[in-house]
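Comments concern the structure below.
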């Protein structure tokens with residue numbers, strides 16, 4: 001059963017688990033379960049998806065419960081006004097304490113609208129919350145190293161381009177761990193072996209928006225799931241070694 005974070009007569013928010021598609025797509029024809037259908041069956045009524053999370057991303061996912069609300073929410077997501085999205089990610093390397101990524105993104109080849117507008121502006125704010133060293137040896141142009149640096153970061157996109165966070169972190173040379181498209185396969189496999197699971201380490205932590213009918217502020221929060229406790233263990237081990 002999907003975890004419902006918030007529900008009223010107009011909309012419902014769930015905490016999407018990693019590995020679940022939002023809706024059916026030809027890009028992943030082998031999948032048989034989708035958040036939209038699961039939520040429809042769980043609530044016993046039709047639902048309208050108003051935004052997307054990648055299959056591998058967990059966290060806050062919002063649906064409308066009627067067509068008018070879907071239209072209003074779609075307009076709000078499109079404009080980005082009165083809305084703030086906050087994500088957590090684990091990335092390779094140690095980024096700066098904070099920064100802004102202002103890097104336009106080309107529409108992906110499988111986007112039906114690709115010919116209408118080839119390149120779109122894309123802006124992401126980030127800050128580094130913690131830095132860790134994993135017991136994973138690796139080689140670089142500067143020699144061999146007994147550990148691999150990774151960091152826990154907070155991400156706040158101003159725009160909502162497809163795969164924006166994953167592509168922006170790759171542009172920054174700090175790809176999100178577990179990203180099979182924009183990351184490094186050997187590192188992803190080594191991290192999966194170390195953590196005991198394979199996933200994209202990206203979580204939609206919070207979505208703040210204006211309610212489409214009441215105009216009241218609405219803050220939707222999806223706590224980090226139990227899989228993220230493995231990172232807390234590594235942080236605790238680092239603290240013990242430093243004490």
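Can you tell me which residue is surrounded by the most Cβ atoms within 10 Å (Cβ to Cβ) among those in the stretch 187-210 that are out of contact with any helix residue (DSSP H, G or I) (no Cβ under 6 Å at 6 or more places or on another chain) and without any contact (Cβ under 8 Å) to a residue 24 or more places away in the chain? Of everything passing the filter in the stretch 187-210, 188 is surrounded by the most Cβ atoms within 10 Å (Cβ to Cβ). Taking the numbered list (1) under 25 Å from residue 102 (Cβ atoms); (2) free of Cβ contacts under 8 Å to residues at least 60 places away in the same chain; (3) crowded, with 16+ Cβ neighbours inside 10 Å in turn, residue 153 passes all entries but (2).
Scanning the stretch 128-150 for residues that are crowded, with 17+ Cβ neighbours inside 10 Å and under 30 Å from residue 82 (Cβ atoms) returns a single hit, 128. In this structure, is residue 168 out of contact with any helix residue (DSSP H, G or I) (no Cβ under 8 Å at 6 or more places or on another chain), in contact (Cβ under 8 Å) with a residue 12 or more places away in the chain, part of a helix (DSSP H, G or I) and closer than 28 Å to residue 107 by Cα? So residue 168 passes the test.
Could you go through the stretch 56-64 and let me know if any residue there is touching a helix residue (DSSP H, G or I) at 6+ places or on another chain (Cβ under 7 Å) and modelled with pLDDT under 95. Looking for residues that are touching a helix residue (DSSP H, G or I) at 6+ places or on another chain (Cβ under 7 Å) and modelled with pLDDT under 95, one finds none in the stretch 56-64, hence no.
Beta carbons closer than 9 Å, at least 6 apart along the sequence or on distinct chains, pair a first residue in the stretch 30-50 that is touching a residue at least 40 places away in the same chain (Cβ under 8 Å) with a second that is part of a loop (DSSP other than H, G, I, E, B) and surrounded by 14 or more Cβ atoms within 10 Å (Cβ to Cβ) for 42/2. Checking each residue in the stretch 56-71 for being surrounded by 17 or more Cβ atoms within 10 Å (Cβ to Cβ) and touching a residue at least 24 places away in the same chain (Cβ under 8 Å) picks out 56, 57, 58, 59, 60, 61, 62, 63, 64, 65, 69. Scanning the stretch 3-16 for residues that are closer than 18 Å to residue 67 by Cα, part of a strand (DSSP E or B) and in contact with a helix residue (DSSP H, G or I) (Cβ under 9 Å, 6 or more places away or on another chain) turns up 7, 11, 12. When the stretch 127-165 is filtered for residues that are assigned to a loop (DSSP other than H, G, I, E, B) and over 30 Å from residue 74 (Cα atoms), the ones remaining, listed by number, are 135, 136, 137, 141, 142, 146, 147. Does the stretch 17-34 include one or more residues that are more than 25 Å from residue 201 (Cα to Cα) and assigned to a helix (DSSP H, G or I)? Within the stretch 17-34 (the criterion being more than 25 Å from residue 201 (Cα to Cα) and assigned to a helix (DSSP H, G or I)), the answer is no, since none of the residues qualifies.
The values are calculated or read from the model by the stated rules, or taken from the named source; none is laboratory data. Predicted model, so just to flag it, every value in this text is computed and none were measured. All Cβ positions, even for glycine, are placed from backbone atoms using ideal geometry, and neighbour counts span all protein chains on display.
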